[in-house]
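The values are calculated or read from the model by the stated rules, or taken from the named source; none is laboratory data. All values derive from a computational prediction rather than experimental measurement. Methodologically, a virtual Cβ is constructed for each residue, glycine included, from the backbone with ideal geometry; neighbour enumeration extends over all protein chains shown.
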Amino acid sequence: MNIPGNIITLIAGVAMTLISLWYGQNHGLLPLAASKDAGDVDELFNFMMTIATGLFLLVEGVLVYSLFKFRRKKDDTTDGPPIEGNVPLEIVWTAIPTVIVFILSIYSFEIYNRMGGLDPMVAGDPGPKLAHAHHHGQLVALSPIIDVALGLGVSPDSDQGIAPLEIKVNGIQYAWIFTYPESGVISGEIHVPVNRPIALTMTGGDVIHAFWLPEIRIKQDVIPGRETNLVFTPNKVGQYPVICAELCGAYHGGMKTQLYVQSEEEYAQWIKDNTFAMNDNGESVAMNPPSNPDAEFLASYASDIGVDADALAQLKP
């Protein structure tokens with residue numbers, strides 16, 4: 001049976017479209033989504049995978065078809081036809097990628113802006129200031145300076161009634177240091193309550209790092225001498241990796257820690273267990289110190305070195 005070429009092309013086009021749509025939604029390449037904004041990022045990624053799958057099937061399908069359709073016949077040693085070019089075809093295969101890139105640019109711009117990344121009024125208080133200069137001993141006001149915060153700010157769709165938890169982040173070779181200004185807790189891992197906005201103020205202590213949370217779908221450079229902001233709202237309890245995504249030195253691959261998204265009760269208990277207060281001498285002491293006296297507390301250490309526990313206690317400054 002001789003099937004017309006346009007029917008074959010139509011069937012191939014429908015099959016390619018269905019396969020692309022299915023794989024674009026079922027590729028399984030993304031980790032667990034653990035934040036409110038992760039869904040928007042995943043939709044963009046799925047859309048890109050759908051387009052990429054369609055283009056892959058189209059290009060590879062044409063190549064495979066051409067291998068069989070235009071293969072050299074047996075005992076044919078003649079040259080192929082001298083094809084100089086096809087202007088309409090070149091216009092088509094230039095216009096289609098241009099339109100795709102344009103659509104993806106607008107789509108990604110909208111999602112990034114929705115997450116608070118491109119609007120100065122969302123990413124942070126622009127804080128207009130006046131630049132000044134001295135002229136013949138007098139202070140002269142110049143043009144205003146707009147100090148726009150870098151990074152992802154508070155999303156316009158976020159819960160406006162919930163105050164964000166502020167955490168200061170310092171990236172150094174090769175560790176992350178997290179400081180909680182409200183409680184004074186300093187930790188090498190980050191603990192946050194679920195369903196509460198988290199506002200990170202980050203800076204680098206030596207070189208440029210990149211704070212990456214794959215499950216939250218965010219990444220932001222951490223720059224020495226400059227603060228960058230990152231605001232997100234985790235919505236799934238769990239333990240997630242924190243990775244440096246910027247080559248920062250010889251041990252860059254080991255610059256990892258963990259993000260613990262906890263319930264309000266678990267987070268409050270962690271803060272309580274790690275909170276420090278100042279004693280009368282200005283020294284930092286734990287809020288929940290051991291109840292044992294010094295001799296009992298040091299007994300295990302004293303037995304190891306053969307020294308009386310009371311004598312060991314006298315060495316305490």
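Of all the residues that make up the range 224-242, how many are surrounded by 13 or more Cβ atoms within 10 Å (Cβ to Cβ) and either on the phi > 0 side of the Ramachandran plot or not in a strand (DSSP E or B) (or both)?
Number of matching residues: 6.
Got at least one residue in the range 86-97 being outside the structural domain of residue 218 (by TED's automatic domain parsing), assigned to a helix (DSSP H, G or I) and touching a residue at least 24 places away in the same chain (Cβ under 8 Å)?
Checking the range 86-97: not a single residue is outside the structural domain of residue 218 (by TED's automatic domain parsing), assigned to a helix (DSSP H, G or I) and touching a residue at least 24 places away in the same chain (Cβ under 8 Å).
Please determine, by comparing only the residues of the range 9-62 that are under 20 Å from residue 107 (Cα atoms) and of a type in the set (Val, Ile, Thr), which one is modelled with the lowest pLDDT.
The residue in question is 41.
Kindly indicate which of 47, 70 is in contact with a Phe, Trp or Tyr (Cβ under 8 Å, 6 or more places away or on another chain) and among the aromatic types (Phe, Trp, Tyr).
It is 47.
Tell me, yes or no, whether the range 154-174 has at least one residue that is small (Gly, Ala, Ser), within 29 Å of residue 249 (Cα to Cα), at pLDDT 90 or above and loosely packed, with under 13 Cβ neighbours inside 10 Å. Show your work before the answer.
Kept after step one, since they are small (Gly, Ala, Ser), are these residues of the range 154-174: 155, 158, 161, 163, 171.
Cutting the leftovers down to within 29 Å of residue 249 (Cα to Cα) gives us 171.
If we keep only those that are at pLDDT 90 or above as well, we get 171.
Next, only the ones that are loosely packed, with under 13 Cβ neighbours inside 10 Å stay: none.
No, the range 154-174 contains no residue that is small (Gly, Ala, Ser), within 29 Å of residue 249 (Cα to Cα), at pLDDT 90 or above and loosely packed, with under 13 Cβ neighbours inside 10 Å.
If you take the residues in the range 98-112 that are without any contact (Cβ under 8 Å) to a residue 40 or more places away in the chain and over 20 Å from the mean Cα position of the chain (by Cα), which one is farthest from residue 52 (Cα to Cα)?
Taking the candidates together, the pick is 106.
For the range 102-136, which positions are loosely packed, with under 11 Cβ neighbours inside 10 Å and modelled with pLDDT of 50 or more?
102, 105, 106
Exactly one of these conditions fails for residue 203: (1) touching a Gly at 6+ places or on another chain (Cβ under 9 Å); (2) in contact (Cβ under 8 Å) with a residue 40 or more places away in the chain; (3) among the β-branched types (Val, Ile, Thr); (4) assigned to a strand (DSSP E or B). Give me its number.
Among (1) touching a Gly at 6+ places or on another chain (Cβ under 9 Å); (2) in contact (Cβ under 8 Å) with a residue 40 or more places away in the chain; (3) among the β-branched types (Val, Ile, Thr); (4) assigned to a strand (DSSP E or B), residue 203 violates only (2).
Across the range 32-70, which residue is surrounded by the most Cβ atoms within 10 Å (Cβ to Cβ) among those that are in contact with a helix residue (DSSP H, G or I) (Cβ under 9 Å, 6 or more places away or on another chain) and of a type in the set (D, E, K, R)?
37
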